[in-house]
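Q: I'd like to ask some things about the structure below.
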Amino acid sequence: LNIEHELGVALNSGVLQMYVQAQVDRNGRAIGGELLMRWPVENGDMVPPHIFIPVAEESGLIVALGTWALRQACYAVLRLQEAGHTLPLSVNVSPTQFRQANFVDLVARTLAETGAPAHLLVLEVTEGLLIDKMEETIARMHQLSAMGLRFSIDDFGTGYSSLAYLKKMPLYELKIDRSFIIDTPDDASSAALVQSILAMASHLGLRVVAEGVETLAQAEFLISNACACMQGYLYAKPMPLPALIQKLQNGE
Ligand code: G
Ligand code: G
Ligand code: MN
Ligand code: NA
């Protein structure tokens, strides 16, 4: 199976899907969500994004995938709003996509064409985005921020970038990587790292999302350290948007 070819076919034939995973507050109430790509294949399985996103990055197909993802994110925001739930949604933006010369135009056009409000879209980028052309990248983030979009640093703490960039970027949120959450609260150094990130973010006025929250003990630890937002299987798995809307209607 040629993943690269098949993925292109899946994109162009409407087979790809965008799932959404709820992000909840300390009371378990949904306050947002992250859009995550899903690729269903013939035998009923889903090819997970950690398999096909790197392939798409290699081949350049990530640009077309990202364009599609952005539009899906806008539609999802609108569908949630129509159902009475005005919630911000996050979409992952790959460095390759972000560095496209027309990225700002693409975002502006997608917002204009769909009618989605910019302030309900959060762009998740990774620290790796800053490895080169840092000034240009930050300038571009400021342009998008001025348009109303918000930025989140995904997988925070796993990159190699310096903390200096936190001051320079127009950030809304940090997402503490799952690898730190998984060992809390039992592992003292993971717990200390999570507490330090929460304290630092609080001083910088940044919201924090803890990723990969799977146990009650993790949730209790995060809540007792004033983490405002949790995402993980303890609360909800990624699901099709209609399923999330149904859960919200049921008050879950
Ligand atoms: O769902 P899963 O854990 O397999 O996701 C693995 C990776 O795929 C994550 O790093 C996630 O950020 C990435 N990913 C999921 N959906 C998208 C998307 O729409 N665009 C990009 N660029 N990456 C995505
Ligand atoms: O890199 P990024 O943060 O975008 O990837 C998010 C990925 O993490 C998604 O693919 C999602 O399926 C996965 N995920 C979300 N919650 C949990 C969780 O509680 N445990 C595990 N193992 N994975 C999770
Ligand atoms: Mn993410
Ligand atoms: Na992550």
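Q: Alpha carbon centre of segment 111-181 versus segment 227-252: separation in Å?
A: For segment 111-181 versus segment 227-252, the Cα centre distance is 23 Å.
Q: Just to verify a number: FRET efficiency for Val55 and Glu135, C-beta to C-beta distance, R0 = 35 Å, to 0.05?
A: 0.70
Q: Between Ile223 and Arg79, what length comes free when the chain is fully extended (0.36 nm per residue of separation minus the Cα-Cα distance, one decimal in nm)?
A: So the extension gain works out to 48.8 nm.
Q: Using 0.36 nm times the number of residues separating Tyr233 and His203, minus their current alpha carbon distance, what extension gain do you get?
A: Full extension of this stretch gives 7.9 nm more.
Q: State whether the chain is rounded, prolate or oblate according to the following rule on the C-alpha gyration tensor (a ≥ b ≥ c being the square roots of its eigenvalues): a/c under 1.5 gives rounded; otherwise a/b larger than b/c gives prolate, and the remaining case gives oblate.
A: rounded
Q: In segment 26-45, whose amide N lies under 12 Å from the spot 7 Å out along Cα-to-Cβ of Val15? List them in ranges.
A: 39-45
Q: Another question about this same structure. Per residue of segment 164-175, what does 6.51 cos²θ - 1.76 cosθ + 1.60 with θ = phi - 60° give for ³J(HN,Hα)? Whole Hz please, x for Gly and Pro, Karplus curve as stated.
A: My calculation for segment 164-175 gives 4, 5, 4, 6, 8, 8, x, 9, 10, 7, 10, 10 Hz in order.
Q: Go through segment 88-96 residue by residue and turn each phi into a ³J(HN,Hα) via Karplus (6.51, -1.76, 1.60, θ = phi - 60°); whole Hz please, and just put x for glycine and proline.
A: Going residue by residue, I get x, 10, 9, 10, 6, 10, 6, x, 4 Hz, with x marking Gly and Pro.
Q: Please give the calculated 222 nm ellipticity per residue for the chain, where each DSSP H segment of at least 4 residues contributes -39500 (n - 2.57) and the sum is spread over every residue; nearest 500 deg cm²/dmol?
A: Result for the chain, helices only: -13500 deg cm²/dmol.
Q: Taking H as built 1.01 Å from N, whose amide H comes closer than 5 Å to the amide H of Gln23, not counting residues under 5 places away?
A: Ile31, Gly32, Gly33, Glu34
None of the figures in this text is laboratory data; all of them are computed from the coordinates on show. For clarity, every value in this text was computed on a predicted model and none was experimentally measured. Counting neighbours? That spans all protein chains shown, and the Cβs are built from the backbone with ideal geometry, glycine included.
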